[in-house]
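One structure is given below, encoded as structure tokens.
The values are calculated or read from the model by the stated rules, or taken from the named source; none is laboratory data. All values reported here derive from a predicted model rather than from experimental measurement. So basically every Cβ, Gly included, is an ideal-geometry build from the backbone, and we count neighbours across all protein chains shown.
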Amino acid sequence: MYLGLPIGGNSRKLSFWQPVVDRIKAHLSLWSNKFLSFGGRLVLLKSVLSSLPVYFLSFIKAPAGIISSIESMFKRFFWVGGEEHRKIAWINWDTICSNMEDGGLGVRRMGVFNFSLLGKWCWRLLMEKEGLWYHVLKAHYGEEGAVKGRG
């Protein structure tokens, strides 16, 4: 482990992502969910639960199975309030994840969020020529490899 990220593990394996899943489950088990309103669950989902995997997602591309698993926990928490019962989801999850201007509730889609966090590094590499990452990659790959697709 280095700065909270596993070193040398295979990020395509589900076991690599187990600490993230366990952390989300731990938070879910602490809340007495059945006594929360939809508004309370929405606030907890948007502010706490969707923020837990950000550090992992900002450095590593998550497999589709992990994204699906995380979003499944989010859906179950929002609609049911716990893992005991199954209830009907009255609105499509894609609608819930839409912007508020489009009639949704603004919940993050983890796959899209992961892609945008990783894209931030590409943007910084292209725009910040004096940054440390640029110099490290330039020393390792050369000028063409460091800024592939540009120039």
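General observations
- Neighbours by Cβ (under 7 Å, 6+ apart or cross-chain): first from segment 10-37, modelled with pLDDT under 85; second hydroxyl-bearing (S, T, Y): none
- Residue within segment 26-44 that is among the charged types (D, E, K, R) and closer than 16 Å to M110 by Cα present: no
- The condition of being more than 16 Å from the chain's Cα centre (by Cα) and at pLDDT 85 or above holds for only one of V48, V43, that being V43.
- Pick from segment 142-151, criterion farther than 19 Å from G119 by Cβ and assigned to a helix (DSSP H, G or I), ranking: modelled with the lowest pLDDT: E144
- Filtered residues of segment 62-88 (kept if surrounded by 14 or more Cβ atoms within 10 Å (Cβ to Cβ) and part of a loop (DSSP other than H, G, I, E, B)): A62, P63, V80, G81, G82
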